[in-house]
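Participant: Before anything else, here's the structure in question.
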Amino acid sequence: MSNWLTRVGKAHPPFRGRLIALPHAGGWPSAFTPWRALVPDDVDLLVAQLPGHGARISEDPLRRVEPMVEGLVEALLARDPLPLSVVGHSFGSVLGYALARALEERGRPPRLLVVSARQPPCFPDVAPFAHQRPEEELVEHLVRIGGLPSRPDRHKVMTGPVLDAVRADLEAMETYRRPAEETGVPILAVGAADDPVVVTERMPLWSLETASAFRWELFQGGHFFLYTPQVASRVIAHAVRALPLGGGPFGEQALAGTNLQVARP
């Protein structure tokens with residue numbers, strides 16, 4: 001079996017659906033380990049494991065979104081064709097958007113794409129780029145956004161292959177360019193009002209990236225808010241609800257009772 005995707009927790013087949021999780025820049029599959037306790041046993045939880053990350057740390061990391069998507073698509077198409085939802089955080093949102101489009105082109109579109117803590121592709125990154133920062137500045141940036149503890153002795157782990165993976169993911173994210181047409185996959189965009197990286201007002205503009213249903217929701221918790229139990233539970237509920245037997249397709253009825261903002265084309 002391909003090592004592009006790793007299963008979190010013990011398998012409980014038969015599965016009624018699949019949840020694909022894509023971590024932040026430099027993130028390992030372990031970032032989503034706590035999610036297993038929140039995801040129903042009959043939903044398969046798979047987390048992306050890119051070259052240079054996790055068990056693949058000895059491999060050279062990729063620096064463009066396209067080859068990452070190619071590897072993930074091949075890994076998914078090699079598995080049984082279960083309905084699936086995709087959740088991406090920060091860099092994982094860009095990767096998730098590109099993955100959803102690629103699966104859509106192959107006739108296997110996700111039921112729902114959740115994008116977190118990342119502005120939509122209609123706002124491309126411009127210089128100066130984070131991936132080009134000197135090592136000390138890049139580490140300081142990671143500390144500032146909460147991706148690295150402020151204790152100096154912990155910074156030693158952010159060297160060599162680990163920091164290389166962060167830089168490679170940032171380069172892939174910052175060089176990605178928006179396709180000419182939007183996707184037909186429904187999108188749920190989530191952000192944090194106190195995120196030091198993302199301009200909150202840009203999150204609703206993910207509505208421009210889909211011709212289908214769109215919702216957005218705002219939380220608190222900084223750039224890594226998605227990994228907190230409260231937010232994770234809510235996002236997982238939406239992602240699972242889009243799967244069979246989970247309350248129907250993504251839409252107003254499936255999200256009844258929430259305070260999500262609604263945007264229509």
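FYI, it's all coordinate maths here, none of it is from the lab. Every value quoted in this text rests on a predicted model; they were computed, and no experiment measured them. Because the Cβ atoms are built from the backbone with ideal geometry, glycine has one as well, and the counts that use them run over all protein chains shown.
Participant: Quick one: which residues, 5+ away or cross-chain, put their amide H under 5 Å from the amide H of SER90? H built at 1.01 Å from N.
Facilitator: SER116, ALA117, ARG118
Participant: Let me know the shape class of region 1-76, please: from the alpha-carbon gyration tensor, a ≥ b ≥ c as square roots of the eigenvalues, rounded when a/c is under 1.5, otherwise prolate if a/b is greater than b/c, or oblate.
Facilitator: prolate
Participant: While we're here: Charges on Cβ only, +1 for Lys and Arg, -1 for Asp and Glu, centred on the Cα centroid of region 29-126; of VAL39, LEU112, VAL73, which one is farthest towards the dipole's positive end?
Facilitator: Looking along the dipole axis, the top candidate is LEU112.
Participant: Which order do the peptides 206-212, 65-71, 169-175 come out in when sorted by mean C-beta neighbours inside 10 angstrom, highest first?
Facilitator: 169-175, 206-212, 65-71
Participant: May I ask you to order 22-32, 46-56 by the average number of other C-beta atoms within 10 Å around their residues, highest value first?
Facilitator: Ranking, from highest mean packing down: 22-32, 46-56.
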